[in-house]
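What follows is one structure encoded as structure tokens, with my remarks underneath.
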Amino acid sequence: MSDKKTLTVTLVKSVAGTRQSHRDTVRGLGLRKINSQRVLEDTPAVRGMINKVAYLVKVL
């Protein structure tokens, strides 16, 4: 697994008041509460999800 690229994604802003599709995307990334983090595989699908909710997350 060490040869696969990964991204660490952190939820930095609340999803309250956002579109339902954006809330669903955040949950699809595996993020629940503010400051929750997930290490995800760097794939085009994950990149697209991150781009959709870029104003809510930070990529480390």
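Bear in mind that the values in this text are calculations on the coordinates, not laboratory data. This is a predicted model, so every value here is computed, not measured. Glycine also receives a Cβ, built like all others from the backbone with ideal geometry; neighbour counts cover every protein chain displayed.
For region 37-43, the Karplus equation 6.51 cos²θ - 1.76 cosθ + 1.60, evaluated at θ = phi - 60°, returns couplings of 10, 9, 9, 10, 5, 7, 10 Hz by residue, with Gly and Pro reported as x. Give the cross-link partners of K4 among the aspartates and glutamates, using a straight C-alpha distance below 19 Å as the criterion and excluding same-chain residues fewer than 8 apart. List returned: E41, D42.
Given Cα pairs under 8 Å that are at least 6 residues apart, what percent is the relative contact order of the chain?
On the way: 79 pairs, mean separation 31.1, N = 60.
It comes to 52 percent, rounded to a whole number.
Annotation: amide H-H contacts under 5 Å for T6 (H modelled 1.01 Å from N, sequence separation of 5 or more, or interchain): D42.
Assigning unit charges at the beta carbon (Lys, Arg +1; Asp, Glu -1) and nothing else, what dipole magnitude in debye, to the nearest 20, does the chain show about its Cα centre?
260 debye
The gain in end-to-end length when the V12 to Y55 segment is fully stretched comes to 14.6 nm, 0.36 nm per residue minus the alpha carbon separation.
Would you indicate which of (i) 11.2, 39; (ii) 14.3, 50; (iii) 17.2, 55 is the value of Rg and Dmax of the Cα atoms in Å derived from the coordinates of this structure? Matching entry in (i) 11.2, 39; (ii) 14.3, 50; (iii) 17.2, 55: (i).
Given only helices, namely DSSP H runs of n ≥ 4 each adding -39500 (n - 2.57), what is the per-residue ellipticity at 222 nm of the chain, to the nearest 500 deg cm²/dmol? Mind showing how you got there, number by number?
Working: 2 runs with 18 residues, N = 60.
Value at 222 nm, helices only: -8500 deg cm²/dmol.
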